[in-house]
Ligand SMILES: [Zn+2]
């Protein structure tokens, strides 16, 4: 049977308030058999890890501090993340990285927070879930200092250029794609990017409740939440990739599921 793994959902977002069990049930019905909740702060990583314990073998989490949250990074943060990473459902360090698009945290703080998490991934040998927005050259120069010792890494929600994708692939990184790829007006260039990237380097994620794919069948959208993305919509992302690459959706599912299973050890 064709199954999918969603490597990035934001289940603690208030758009899912009181709705988590339904969301997971709908996803499983849509053959999304496993989902990884993205940890974005200490508090959020702790909440996410707790939610995941209630859905063993279906929900997993990352533990990390998003660059937007870097301003709250302190000398307790790393030991708290380390403690979380001892739990079996917590499978990766992140999301972490740099976001110079919105600059919600000062850039020098973002950088030190990111470096501390790179060191944490090396110490714990857990894979990395990376975030980079409008910060490519700085991101690469920091990451490359750690590269020889770095465990496996995925750059999630990739929307960059083909040249940037090539550099990430040269570093051995995986790339995660969201519903952004179906926005062929805003992200037209991603078609060429996806045609270039080999299937064994691609993972898929909804980034729910954000990034609603444009090709979702309209009757699947819920009345009160017409703009809300859900993990159940993950197959629509696979469909777009299949279309770009001229292959079957089953082939996309087969490869991305295998990549995610191996990468996260789930
Ligand atoms: Zn992100």
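The values are calculated or read from the model by the stated rules, or taken from the named source; none is laboratory data. For clarity, every value in this text was computed on a predicted model and none was experimentally measured. So basically every Cβ, Gly included, is an ideal-geometry build from the backbone, and we count neighbours across all protein chains shown.
Here are a few things to note about the model shown:
- Checked against the criterion of being out of contact with any helix residue (DSSP H, G or I) (no Cβ under 6 Å at 6 or more places or on another chain) and either away from the ligand (no atom under 16 Å from the Cβ) or closer than 22 Å to residue 7 by Cα (or both), the candidates 132, 123 yield just one match: 123.
- When residues of the stretch 64-76 are limited to those that are touching a strand residue (DSSP E or B) at 6+ places or on another chain (Cβ under 9 Å) and part of a loop (DSSP other than H, G, I, E, B), the one nearest to the ligand (Cβ to nearest atom): 66
- The listed residues are 161, 184, and the only one of them that is at pLDDT below 95, surrounded by fewer than 23 Cβ atoms within 10 Å (Cβ to Cβ), away from the ligand (no atom under 16 Å from the Cβ) and over 20 Å from residue 63 (Cβ atoms) turns out to be 184.
- Among the conditions (1) assigned to a loop (DSSP other than H, G, I, E, B); (2) over 18 Å from the mean Cα position of the chain (by Cα), residue 25 misses just one, which is (1).
- Candidates 15, 47 - the one that is part of a helix (DSSP H, G or I), more than 13 Å from the ligand (Cβ to nearest atom) and in contact (Cβ under 8 Å) with a residue 60 or more places away in the chain: 15
- Residue that is nearest to the chain's Cα centre (by Cα) [pool: residues in the stretch 77-107 that are surrounded by fewer than 20 Cβ atoms within 10 Å (Cβ to Cβ), more than 14 Å from the ligand (Cβ to nearest atom) and within 23 Å of residue 158 (Cα to Cα)]: 103
- Any hit, the stretch 228-242, residues being surrounded by fewer than 21 Cβ atoms within 10 Å (Cβ to Cβ), modelled with pLDDT of 95 or more and closer than 28 Å to residue 163 by Cβ: yes
- Scanning the stretch 207-221 for residues that are without any contact (Cβ under 8 Å) to a residue 12 or more places away in the chain and not in a loop (DSSP other than H, G, I, E, B) gives 218, 219.
- Restricting attention to the stretch 149-183, the residues that are over 11 Å from residue 130 (Cα atoms), touching a residue at least 24 places away in the same chain (Cβ under 8 Å) and part of a loop (DSSP other than H, G, I, E, B) add up to 8.
- Evaluating residue 247 against the criteria (1) touching a helix residue (DSSP H, G or I) at 6+ places or on another chain (Cβ under 7 Å); (2) over 26 Å from residue 152 (Cα atoms) leaves one unmet condition, (1).
- The stretch 139-157 - residue that is closer than 20 Å to residue 108 by Cα and out of contact with any strand residue (DSSP E or B) (no Cβ under 6 Å at 6 or more places or on another chain) and, of those, surrounded by the most Cβ atoms within 10 Å (Cβ to Cβ): 143
- Filter pass, residue 58 being within 16 Å of the ligand (Cβ to nearest atom) and in contact with a helix residue (DSSP H, G or I) (Cβ under 9 Å, 6 or more places away or on another chain): no
- Each residue in the stretch 34-43 was checked for being out of contact with any helix residue (DSSP H, G or I) (no Cβ under 8 Å at 6 or more places or on another chain) and either within 16 Å of the ligand (Cβ to nearest atom) or farther than 15 Å from residue 82 by Cα (or both), and 0 pass.
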